[in-house]
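Take a look at the structure below.
Every read-out reported here was derived from the displayed coordinates using simple, explicitly stated rules and does not represent laboratory data. Given the structure is predicted, the values throughout are model-derived calculations rather than measurements. Glycine also receives a Cβ, built like all others from the backbone with ideal geometry; neighbour counts cover every protein chain displayed.
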Amino acid sequence: MGKMMETVRLTIDNKEIEVPKGTTIYKAAKQLGIEIPTLCYLHLDDLNIENKPGGCRICVAEVQGRRNLAPTCSTNCENGMVVKTHTTRVLNARRTVMEFILSDHPTDCLVCPKSGTCELQNMAHLLGIREIPGAEYAEMSKYKPDTSPSIIRDLDKCIMCRRCEMMCNDVQTVGALSAVNRGFMAAVAPAFEQNLEHSTCTYCGQCVAVCPTGALTEVDHTPEVLRALADPTKTVIVQTAPAVRAALGEAFGMAPGTLVTGKMVAALRALGFDYVFDTDFGADLTIMEEGTELLDRIKRHLSGDTTVRLPLLTSCCPGWVNFFEEYFPDLKDVPSSAKSPQQMFGAIAKSYFAEKIKVDRENLVVVSIMPCLAKKYECQREEFSVNGNRDVDYSISTRELAAFIKQANLDLNNLEDEEFDAPLGESTGAGVIFGATGGVIEAACRTAYEMYTGKKLDRIDFTELRGLEGVRSATIDFDGLPLNIGIAHGLGNARKLLDDVRSGKSQFHAIEVMACPGGCIGGGGQPAHHGNSEIIKARAAAIYREDSKKPLRKSHENPFIIKLYEEYLGHPNSEKAHHLLHTRYFDKKKKVIVKQ
Amino acid sequence: MSSIKIELRQEDVNKIKEICTSFNNDPQELINILHSCQEHFGYLPAEVQEVISSETDVPVAQIYGVVTFYSFFTMTPKGKHPISICMGTACYVRGAEKVLEEFKKELNLQVGQTTKDGKFSLSNLRCVGACGLAPVVLIGDKTYGRVAPDDVKKIIKEYE
């Protein structure tokens, strides 16, 4: 042991506590079970994410001997401090601050997309705000809502908590959003107040995930889905991503980490989808294609081919794809050319499956339920449609699905479990773990190992690839061939690994990247975690639980995958597989045009 | 707002690069880089900010955030004769606001704007350190002290 950690003793609301030096009052209070209200503070400790601009001033408390009130999120504990978090002075100050925040905030709560899940609305309720005295002196900002393929920004509703700015810049290093202008016009916006579409935004949706108000919301595609379901000429099928089943229950009051796979299937069937399928099937297919590509590159590399690009980068995450197209276009031949599970599913649904059930692709509507907002953009990419008809027509988030189920007054808690439909609902445990960081590469290892060595795996769980650390690495023994694996989640972490690839320092054979902290389970389309990383951990545990219960846990053992190759695709990376299941990437970096 | 094209003359691109290099392309020096670029170009159009961004790796949104935060920086070109009215405490209490109103009326301009012919631009600043002369107006390098609203017409005449 090194030297003892220095601690300080203080009392908060008459309770004594000893905490390490440098602990904020806010955190010390939390240890005592005192939840101080806040609008801007956010802390995901296991993911090293913290936002404490001390900006909202809701979390103030009285500190004996101090003249003004202290913002507890950014005031450190000191020896002998006496803190009171709910004196009348504190409560009055919180109300006044709240009245100021609300003075230039629209009061259209009835029709706001955030209504019901809005932290600002909840705070106004909590503090018992009944009038907004300063409103007649405040100026409303003049920002027009900005709609991109995934995200809507309504800056009138921005309260400058700057959580989105922290996510976009510090965590994701995307730098699309920054605090701009001053006074009533202050807001968080892209450069030159351009639309998000013209910024470096990757649509990862982490800004939406942490926004306490209706300033940042997803583009709601449920009206289009409803329209398709109501149209008797359309066959409407749905695919659900692995991370959705591990979080959907939270929107219905279930404990985080509750798996609702069977209930979700039952709900989707009750909503009127003609076939309820699983993106996990697409994930299994991704592993067949990506795993084969990885082995092919490694074999060529071992045989001395110097043109082969290693490491192979996974390509299932659309936020990540947008990121490297923007920031690393020089490396666009490094990622796997395999499409994402969502798009593989769509491509097979609108070819093989459409032919099977004798429906024209124009009359087959493919809907995806995703934990993600970038998936909305991905399915709108031009290269993923045939004659203007998309492979995946609409992508809706876990949150949108929850709202949809509630609208249909279905009681998710009490639905009987149902099974996915065949054939595109068949999947293995390998497909399920795609939802958590490390899962894609673990699934790939399970299949690539057996393909490469011709031997059965002794143990299926590659626990060395799991965990929540931002950048991880492990070496997997492929029967004498040591395979170096890198894993990053969060785009800032991915950037570190990419910088090494660019400079030639990277020693990895394969790198898995997921744009969102925690992987898809922490996606921008999931129910809000409100800064509680226990929720993300519980979702990950649920994913691995579902995997361990599956009778089949390796993608290449999925009987329908085997059949699909026999009947339709030939073999992995065949010409037909390439045509349907692979894609290419584009250079999206802004260039300086030199005027003549 | 739709997408901004980054169109610049090669010599301007070179100049921005030269300025950034002189500050070691250091993101910590952003404000100094912006100062130097504004001194050279007279203002900081989007294109200039984009090039500074690619040279320093500071996201252009953050650069725009800095430019819109500090009133010293401007994204509109200054006029041939930039007019600055001091709104510091001393000038303010001695009637600077009325002087500013007079300039606005005479030139039909708002603060931060430039006349269509590019001749005059109007801005306010905070204390030039000549409080004894309050209220103070600067036009280019020339300082006018004890300016009364009635003097404004005459002052503008000097530049017509």
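Remarks
- Whole-Å distance, taken between Cα centres, linking region B:43-60 and region A:68-92: 42
- Basic side chains Lys and Arg get +1 at the Cβ, acidic Asp and Glu get -1 at the Cβ, and with that the dipole of region A:384-441 about its Cα centre reaches some 400 debye.
- Computed helical MRE - 222 nm, chain A, DSSP H runs ≥ 4 contributing -39500 (n - 2.57), nearest 500: -9000 deg cm²/dmol
- Toward the positive end of the charge dipole of region A:280-353, with +1 on the Cβ of Lys and Arg and -1 on the Cβ of Asp and Glu, the farthest Cα among A:Ser340, A:Thr314, A:Leu285 is that of A:Leu285.
- Considering only A:Leu491, A:Asn195, B:Phe73, the residue lying farthest towards the positive end of the dipole of the protein assembly as shown is B:Phe73, judged by Cα position with unit charges set on Cβ.
- Residue-count net charge about A:Lys455 - beta-carbon cut-off 13 Å; Lys, Arg +1, Asp, Glu -1: 0
- Cβ-based charge dipole, chain A, positive-most Cα from A:Gln31, A:Tyr41, A:Met4: A:Met4
- Amide H to amide H distances under 5 Å link A:Val219 with A:Ile151, A:Ile152, where only residues 5 or more positions off or on other chains count and H is placed in the peptide plane.
- Derived scalar couplings ³J(HN,Hα) [region A:218-234; Karplus, 6.51 cos²θ - 1.76 cosθ + 1.60; whole Hz; x for Gly, Pro]: 7, 6, 7, 9, 5, x, 5, 5, 4, 4, 5, 5, 7, 8, x, 7, 9
- Candidates B:Val13, B:Val136, B:Val99: whichever shows maximal mean-square fluctuation once chain B is modelled as a Gaussian network with Cα springs under 10 Å: B:Val13
- Estimated from the Cβ-Cβ distance and a Förster radius of 25 angstrom, the FRET efficiency linking A:Glu534 and A:Lys21 is about 0.50.
- Between A:Glu450 and B:Tyr159, the C-beta separation translates, for a Förster distance of 60 Å, into a calculated FRET efficiency of about 0.10.
- What the Cα convex hull of chain B gives, in volume per residue, is 134 Å³.
- For the protein assembly as shown, the equivalent ellipsoid derived from the alpha-carbon gyration tensor has semi-axes of 51, 32, 27 Å in decreasing order.
- D (Stokes-Einstein, µm²/s), Kirkwood Cα radius, region B:15-81, 0.890 mPa s at 25 °C: 210
- Cα extents for region A:467-522 along the principal axes, largest to smallest and rounded to whole angstrom: 36, 27, 13.
- Extension gain, A:Gln31 to A:Leu331, is 103.4 nm, computed as 0.36 nm per intervening residue step minus the present C-alpha separation.
- Nonlocal amide H pairs with A:Ile511, under 5 Å, H built at 1.01 Å: A:Leu312, A:Leu313, A:Thr314, A:Gly486
- Sequentially through region A:95-102, phi angles give Karplus couplings (6.51, -1.76, 1.60; θ = phi - 60°) of 5, 5, 4, 4, 5, 5, 4, 7 Hz, Gly and Pro residues having no value and appearing as x.
- The value of relative contact order for chain A, using C-alpha pairs under 8 Å at least six residues apart, is 16 percent.
- Pairs exceeding 30 Å between alpha-carbon atoms, taken from A:Lys332/A:Lys356; A:Lys144/A:Lys591; A:Lys142/A:Lys590; A:Lys358/A:Lys576; A:Lys157/A:Lys339; A:Lys332/B:Lys5: A:Lys332/A:Lys356; A:Lys157/A:Lys339.
- Neighbour counts of C-beta atoms inside 10 Å place A:Thr38, A:Thr233 in the sequence A:Thr233, A:Thr38, starting with the fewest.
- Amide hydrogen proximity for A:Val60: with H placed 1.01 Å from N in the peptide plane, the residues at 5 or more positions away or on another chain lying under 5 Å are A:Thr72.
- When the chymotrypsin sites (Phe, Trp or Tyr not before Pro) in region B:44-152 are filtered for DSSP coil states and for at most 13 other beta-carbon atoms within 10 Å of their beta-carbon, the remaining sites are B:Tyr70, B:Phe72.
- One chain, two ends: A:Ser473 and A:Asp360. Fully extended at 0.36 nm per residue, the span grows by 36.1 nm beyond their Cα-Cα distance.
- Remark: relative contact order (region A:98-218) = 30 percent; criterion is Cα-Cα distance under 8 angstrom and separation of 6 or more residues.
- Loop-located trypsin sites (Lys or Arg not before Pro) in region A:337-425 (DSSP state other than H, G, I, E, B) with a sparse environment of at most 16 neighbouring Cβ atoms within 10 Å: A:Lys358.
- Global form of region A:297-360, assessed from the alpha-carbon gyration tensor, a/c cut-off 1.5: oblate
- Sparse-neighbourhood loop sites, chymotrypsin sites (Phe, Trp or Tyr not before Pro) in region A:414-469 - DSSP loop, at most 10 other Cβ within 10 angstrom: none
- Net charge of neighbours whose Cβ lies under 13 Å from the Cβ of A:Ser427, counting Lys and Arg as +1 and Asp and Glu as -1: -4
- The residues neighbouring A:Cys379, those whose beta-carbon lies less than 13 Å from its own, together hold a net charge of 0 under the Lys/Arg +1, Asp/Glu -1 convention.
- A simple charge model with +1 on the Cβ of Lys and Arg, -1 on the Cβ of Asp and Glu and nothing else charged puts the dipole of chain A at about 1500 debye relative to its Cα centre.
- DSSP-defined antiparallel bridges as percent of all bridges, the protein assembly as shown, nearest 5: 55
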